[in-house]
Each structure stands twice: as structure tokens, then as C-alpha cells.
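Peer 1: Pasting a structure below so you can have a look.
Just so it is clear, none of the values below were taken in a lab; they were calculated from the coordinates. Computed from a predicted structure; not experimentally measured. With ideal geometry, Cβ positions are generated from the backbone for all residues, glycine too; neighbour counts draw on all protein chains shown.
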Ligand SMILES: Nc1nc2c(c(=O)[nH]1)N[C@@H](CN(C=O)c1ccc(C(=O)N[C@@H](CCC(=O)O)C(=O)O)cc1)CN2
């Protein structure tokens, strides 16, 4: 039972709209915004994501450079590169691809990025701004989810939203963005007893738990909007593997609307990164003093 009745909330058209806006706004700036992509090691998924980000950047008129560091790069060398990129006025945005190899501690690395260039929105200055509803750069997947819902006309204001997952990359920041948009937000996680009782209360259910098919049809209110953020690679007979989400395909029989995996939230992450780079470049153009090492 994989063919359902739920409306498909497709990512590509929403991503295309965001990319069009990024292209238009970038063209108004005196110089193309520049995105520095930092990757450490050769994790195949990270190699592919960073390559995709650089390709999309050039499609919307941004310049980019991939700083590919060897897998045995030290914390000090990585921090030194970030310092150089912070101080370079030609660099509009800096993204450090995650996860980093196990010997590197991501917290000081994210803290080292100038918040004005933090196009991943993960510096505490930006996460604090998010939770206080102040201006700042927003994390890409959460902001992409909000743009996806808006593109497909899903109202958030006043909705009961349940977020499953509390990661720094998705669960926590998307909860903050939803609160700022006047939703009533519940965050559930692995210690939540009777998860189904919580998720059945959702008008909008956002699942970023990293567990394939965690959400089954009995856990979804009929007609609810379900956003599947999971990207799980499951083995196939040909050995190539297949992507599947955190939401069981049969949920399409119950939900009113559902994001597919692939082709749902994923493309929004990259589009939002490029939009963030344009926003960062616009602010730096208006306020050149924040581009150096002054702002932490
Ligand atoms: N510094 C960051 N690291 C990571 C982030 C992030 O936002 N910032 N997010 C993820 C990975 N990611 C981007 O980096 C990402 C994941 C998925 C997609 C995507 O378009 N997925 C496609 C399927 C792609 C495939 O076939 O493999 C889809 O869902 O349709 C883009 C970006 C972790 N790291």
C-alpha cells in the first residue's frame, strides 16, 4: 500500500521559487555573493551535498569555493581556515559541512564562524536571535520547511504542530521558527512516552528523528499535514541502497498532505542556503563593518 491520497508537498517547485528570488536579489548587488564551503574528509554524502551546493550556487549567479580539507585535519588548522574566511571581505557566507570527522569538536568550529557570515544559522548568536525572534540568519532545513509550507499554502498560524526530534540542525530551530509564526508547538523526542498519543494531536507533524518509518498511519490525525525530514539509506538487492523517510509510506492513506522523500524537504535545504548567502551579502553591503572580525 504505497499509493495514497494525500496531497504531495513537492520540494522542487518551492525550491525553484526560492532560487529565483535568490537569483534576482543577487543580481542587484554590486558583486556576486561568495559562498565558502568547508568540507573535512571524504564522507560520500558530504562530498555529494557540497558538490550540489556549489553547482546550485553557480546556477543562481553566486560564486563559491570548496575548501576540501584532508580527513586528518586538526582542530587548529580548521579554526585557522575559518579565521581567514572571516577576515576576507570577499567572502559573504561560510558553511562547514556536517558531520565533521569524529576527532573534531563541532561546537568551537561553529562558534568561530562570524555570525554575519554564518549562512548555516548555527552560531549561538543566530540561534539566540531565532529564539528571541530577532533578525539573524536561520538554519537552512528549518527555514526551508517554513518556505515549503508557505509555498503550498499550509497555514501555520494557530496550528497545533508537533515536532518529533530535538537536534540542533532541525528539531530545535524549526520549533523556534514555528513559535515565531504563532503556531502552538510541542517537541517530542526519544524519551517521550506514548509518542502516538502526542503525534495524533498534530494538525502539522514534522518528523526529524533519523529513524526510518518511525511514524505509522495510526500515529497521524486524519487530514494532517506531515513533513518528513528523514533521509535514511536502506539496503537494496542491487547494493546501491534507497532513500526513505522517517514516515511510513502508508501514512499517505491518512494524511491530508505529505512531503515525499526524496523530493521534499531536501531540495529546500540547498535553496535556503543560497538565499541565506544572498541575505548575508545584502546585510554586509549595507553594513560593511560586520564583514571583518569585529562581530562575534
Ligand atoms: N552544515 C550542514 N551540514 C548538514 C546539513 C546542513 O543543513 N548544514 N544538512 C544535512 C545534509 N544536507 C545538506 O548539507 C542535505 C541533505 C539532503 C539534501 C537533498 O536534497 N536530498 C535529496 C536526496 C539526495 C540524494 O539522493 O541523496 C532529497 O531529499 O530529495 C540536500 C542537502 C546534513 N549536513
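Peer 1: What are the extents of the Cα atoms of segment 156-287 along their three principal axes, in Å, largest first?
Peer 2: So the extents along the principal axes, rounded to whole Å, are 51, 43, 28.
Peer 1: On to the next question. Give the relative contact order (percent, whole number) for segment 1-152; include only Cα pairs under 8 Å separated by 6+ residues.
Peer 2: Contact order relative to length: 23 percent.
Peer 1: Now for a different question. How big is segment 1-125 by the Kirkwood estimate over distinct Cα pairs, in Å?
Peer 2: It is 16.1 Å.
Peer 1: Could you tell me how many degrees, from 0 to 90 and to the nearest 10, lie between the Cα long axis of helix 265-286 and the main elongation axis, the longest principal axis, of the Cα atoms of the chain?
Peer 2: Relative to the chain, helix 265-286 is tipped by roughly 30 degrees.
Peer 1: Next up: Rg/Rh for the chain: what does it come to with C-alpha atoms and Rh from Kirkwood? Please report the intermediate quantities before stating the final value.
Peer 2: Working: Rg = 19.2 Å, Rh = 19.7 Å.
Checking Rg against Rh, the ratio lands at 0.97.
Peer 1: Then there is this: What do you get for the angle between helix 44-59 and the principal long axis of the chain? Use alpha-carbon atoms, 0 to 90 degrees, nearest ten.
Peer 2: For 44-59 against the chain, the angle is about 70 degrees.
Peer 1: Taking Cα atoms, how many degrees apart are the long axis of helix 11-27 and the longest axis of the chain, rounded to 10 and kept between 0 and 90?
Peer 2: The answer is roughly 20 degrees.
Peer 1: Here's a follow-up. Over the chain, calculate the relative contact order: mean separation of alpha carbon pairs under 8 Å at least 6 apart, over the residue count, as a percent.
Peer 2: 25
Peer 1: As a footprinting exposure proxy, order 64, 92 by other Cβ within 10 Å, with the fewest listed first. All intermediate terms of the calculation are to be shown ahead of the outcome.
Peer 2: Working: 64 22, 92 31.
Arranged by neighbour count, lowest to highest, 64, 92 become 64, 92.
Peer 1: Turning to a different aspect of this structure: Rounded to the nearest 0.05, what FRET efficiency do residue 289 and residue 55 give with R0 = 22 Å and r taken as the Cβ-Cβ distance? Could you check? Spell out each step's value before the answer.
Peer 2: Numbers: r = 33 Å, r/R0 = 1.48.
With R0 = 22 Å, the Cβ-Cβ based efficiency is 0.10.
Peer 1: What number, in percent, do you get for the relative contact order of segment 140-268 if the mean sequence gap of Cα pairs under 8 Å and at least 6 apart is divided by its residue count?
Peer 2: Numbers: 278 pairs, mean separation 30.1, N = 129.
The normalised contact order for segment 140-268 reaches 23 percent.
Peer 1: Listing 268, 146 from the residue with the fewest other Cβ atoms within 10 Å to the one with the most, what is the order? Provide the component values of the computation, followed by the final result.
Peer 2: Working: 268 27, 146 19.
The order, fewest Cβ neighbours first, is 146, 268.
Peer 1: What order, most packed first, do the peptides 156-169, 227-240, 178-191 have when packing is the mean number of other Cβ atoms within 10 Å of each residue?
Peer 2: Values: 156-169: 19.2, 227-240: 14.9, 178-191: 16.5.
For the peptides 156-169, 227-240, 178-191, the packing ranking is 156-169, 178-191, 227-240.
Peer 1: Summing -39500 (n - 2.57) over the DSSP H runs of n ≥ 4 in the chain and dividing by its residue number, what mean residue ellipticity at 222 nm do you reach, to the nearest 500 deg cm²/dmol? Before the final figure, lay out each step's value.
Peer 2: Numbers: 9 runs with 110 residues, N = 296.
Mean residue ellipticity, 222 nm, calculated: -11500 deg cm²/dmol.
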